[in-house]
Amino acid sequence: MKKILVTGGAGFIGSHLCERLLNEGNEVICLDNYFTGAKSNIIHLLDNPYFELVRHDITTPFFIEVDEIYNLACPASPVHYQYNPIKTIKTSVMGSINMLGLAKRIKAKILQASTSEVYGDPQIHPQPESYWGHVNPIGSRSCYDEGKRCAESLFVNYQKQNNVNVKIVRIFNTYGPKMHPNDGRVISNFIVQALQNKNISVYGDGKQSRSFQYIDDLNEAMIRMMNTDDKIIGPVNIGNPNEYSIIELAKKIIKITGSESKIEYFPLPEDDPIQRQPDISMAKKILNNWSPKIELEEGLIKTINYFKNIIK
Ligand code: NAD
Ligand code: UDP
């Protein structure tokens, strides 16, 4: 039985990961400050004696003995990470320093949840890990993008300088049950609007694209990455390469929900990337032929069923 710390464990991705790691027979410590996460995401795990919940903010040090750390703590939706940009930077930078320091002291393996946002508004398509990105360092997304870029630098340098066993995954747009209804990201927004027969809020002309990955495919890849040989550090892209325009997504969600919603156009937020698609050849190679299994329609149906139960 491994002892595993999941920071950001009460959030969307973290709560699924905690559940899966527990089901696989591990002892799990979920750490969260509840900024965007919720106790309701993990409340069903509280009866399990091998699950512990800690209210803590990773911008201050934390001490514990564990074998592995998944560092997921950080708001991920543009609305939330832009709410307090300085805090977002502190979470990525000071939070990573605190978690890497812990990993160094206790000789734990540590995996960083990095992001496709390190590529910014990419000029290469699809994006391979070798691409250095196209990020506006002073724009409204920079608190997140540059914070995550600095975190990647901290991870590789703790490995080089202090021999910490690190892993970095660059996660592309991921969705599924347990996203917060007010999360602000496109899939949860559109589903909630469609189920309430409200207008669907498309930003810009809706021709910008994203490649959407279902949560279970991500967690399978993250666990495989944690279990790779110590020499494998990454960063490795984790995503589903099937790419859709935002308009296509809106129409799909209206169709599946049978909604009467109409599309309403709003201004495109500053620095919103035009297109995004992961090159996942490295992931396939180093993660035992991993590839995403759940395509958009199937994943949307599961997510819509979840939201049907939680919104009036
Ligand atoms: P989320 O907002 O649902 O979860 C983040 C969790 O971190 C929340 O529970 C929040 O309360 C917690 N948190 C935030 N700041 C904290 C702090 N200072 N100390 C302790 N806890 C803190 O978002 P998510 O989609 O589950 O994302 C999880 C991780 O994956 C994030 O690091 C995010 O950057 C990364 N990621 C997600 C996606 C995606 O599409 N969902 C894409 C790329 C990267
Ligand atoms: N978007 C949209 N309507 C919404 C929320 C988002 O049109 O209600 C667009 C947004 O402008 C972006 C895409 O959907 O082009 C994905 O946005 P999200 O916030 O989900 O993630 P990110 O931009 O970080 O990939």
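The values are calculated or read from the model by the stated rules, or taken from the named source; none is laboratory data. A quick note: this is a predicted structure, and the numbers were derived from the prediction, not measured. Using ideal geometry, Cβ is built from the backbone for each residue, glycine included, and neighbour counts are taken over all protein chains shown.
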- [ ] Starting from segment 162-176, take each residue that is closer than 16 Å to I69 by Cα and list its partners that are of a type outside the set (F, W, Y) and within 16 Å of ligand 2 (Cβ to nearest atom), counting only C-beta distances under 7 angstrom and pairs at least six apart or across chains.
- [x] I168/S114; V169/A113; V169/S114; V169/I238
Open item on the list: Let me spell it out: the conditions are (1) more than 16 Å from ligand 1 (Cβ to nearest atom); (2) in contact (Cβ under 8 Å) with a residue 40 or more places away in the chain; (3) closer than 27 Å to S130 by Cα, and T257 meets all of them except one. Which number is the exception?
Closed with: (3)
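Looking at this structure, is V54 under 12 Å from L5 (Cβ atoms), among the aliphatic types (A, V, I, L, M), more than 14 Å from ligand 1 (Cβ to nearest atom) and not in a helix (DSSP H, G or I)? Before the answer, list the steps.
Working: under 12 Å from L5 (Cβ atoms): yes; among the aliphatic types (A, V, I, L, M): yes; more than 14 Å from ligand 1 (Cβ to nearest atom): no; not in a helix (DSSP H, G or I): yes.
Spelling it out, it is not the case that V54 is under 12 Å from L5 (Cβ atoms), among the aliphatic types (A, V, I, L, M), more than 14 Å from ligand 1 (Cβ to nearest atom) and not in a helix (DSSP H, G or I).
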Task: Elements of type strands (runs of 3 or more DSSP E) contained in segment 233-300, each with 1 or more residues being under 22 Å from the mean Cα position of the chain (by Cα) - done: 236-238, 243-245
Open item on the list: For V28, only one of the following conditions fails: (1) crowded, with 24+ Cβ neighbours inside 10 Å; (2) within 16 Å of the chain's Cα centre (by Cα); (3) not basic (K, R). What is its number?
Closed with: (2)
Open item on the list: Considering only residues that are of a type in the set (S, T, Y) and either surrounded by 17 or more Cβ atoms within 10 Å (Cβ to Cβ) or touching a Ser or Thr at 6+ places or on another chain (Cβ under 8 Å) (or both), which ones fall in segment 55-76?
Closed with: T59, Y70
TODO: Check E297, E260, E220, E248 and return the single one that is within 12 Å of ligand 2 (Cβ to nearest atom) and of a type in the set (D, E).
DONE: E248
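Listed here are the residues, each with its yes/no results for (1) away from ligand 2 (no atom under 12 Å from the Cβ); (2) of a type in the set (D, E); (3) surrounded by 19 or more Cβ atoms within 10 Å (Cβ to Cβ); (4) modelled with pLDDT of 95 or more.
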residue: K207; (1), (2), (3), (4): no, no, no, yes
residue: Y244; (1), (2), (3), (4): no, no, no, yes
residue: Q277; (1), (2), (3), (4): no, no, yes, yes
residue: K312; (1), (2), (3), (4): yes, no, no, no
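Confirm whether V166 is farther than 25 Å from F266 by Cα and in contact with a Phe, Trp or Tyr (Cβ under 6 Å, 6 or more places away or on another chain). Reasoning before the result, please.
Numbers: farther than 25 Å from F266 by Cα: yes; in contact with a Phe, Trp or Tyr (Cβ under 6 Å, 6 or more places away or on another chain): yes.
Yes.
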- [ ] Assess whether N237 counts as being closer than 30 Å to I69 by Cα and out of contact with any strand residue (DSSP E or B) (no Cβ under 8 Å at 6 or more places or on another chain).
- [x] no
- [ ] Note down all Cβ pairs under 6 Å where the first residue falls in segment 6-29 and is within 16 Å of ligand 2 (Cβ to nearest atom), the second is of a type in the set (G, A, S) and modelled with pLDDT of 95 or more, and they're at least six residues apart or on different chains.
- [x] G11/G37
Open item on the list: So in segment 81-137, with the set limited to residues that are surrounded by 22 or more Cβ atoms within 10 Å (Cβ to Cβ) and aromatic (F, W, Y), which one is nearest to ligand 1 (Cβ to nearest atom)?
Closed with: Y81
Task: Pick from segment 214-242, criterion out of contact with any Leu (no Cβ under 6 Å at 6 or more places or on another chain), closer than 26 Å to C150 by Cβ and of a type outside the set (A, V, I, L, M, F, W, C), ranking: surrounded by the most Cβ atoms within 10 Å (Cβ to Cβ) - done: G239
- [ ] Among the residues of segment 181-196, count how many are within 11 Å of ligand 2 (Cβ to nearest atom) and not in a loop (DSSP other than H, G, I, E, B).
- [x] 8
TODO: Could you run through segment 138-148 and say how many residues are buried (at least 22 other Cβ atoms within 10 Å of the Cβ) and either over 18 Å from the mean Cα position of the chain (by Cα) or under 16 Å from G234 (Cβ atoms) (or both)?
DONE: 1
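Taking segment 185-231 on its own, how many of its residues are within 16 Å of ligand 1 (Cβ to nearest atom), closer than 18 Å to N305 by Cα and in contact (Cβ under 8 Å) with a residue 60 or more places away in the chain?
The initial filter retains those residues of segment 185-231 that are within 16 Å of ligand 1 (Cβ to nearest atom), namely 185-192, 208-223, 225-226.
Still in the running and closer than 18 Å to N305 by Cα: 185-192, 212-216.
Those left that are additionally in contact (Cβ under 8 Å) with a residue 60 or more places away in the chain: 185-188, 190-192, 212-216.
Residues that pass the stated criteria total 12.
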Task: Hey, R141 of a type in the set (K, R) and without any contact (Cβ under 8 Å) to a residue 40 or more places away in the chain or not - done: no
TODO: Could you list, in sequence order, all residues of segment 60-85 that are within 24 Å of H180 (Cβ to Cβ), out of contact with any strand residue (DSSP E or B) (no Cβ under 9 Å at 6 or more places or on another chain) and away from ligand 2 (no atom under 16 Å from the Cβ)?
DONE: N84
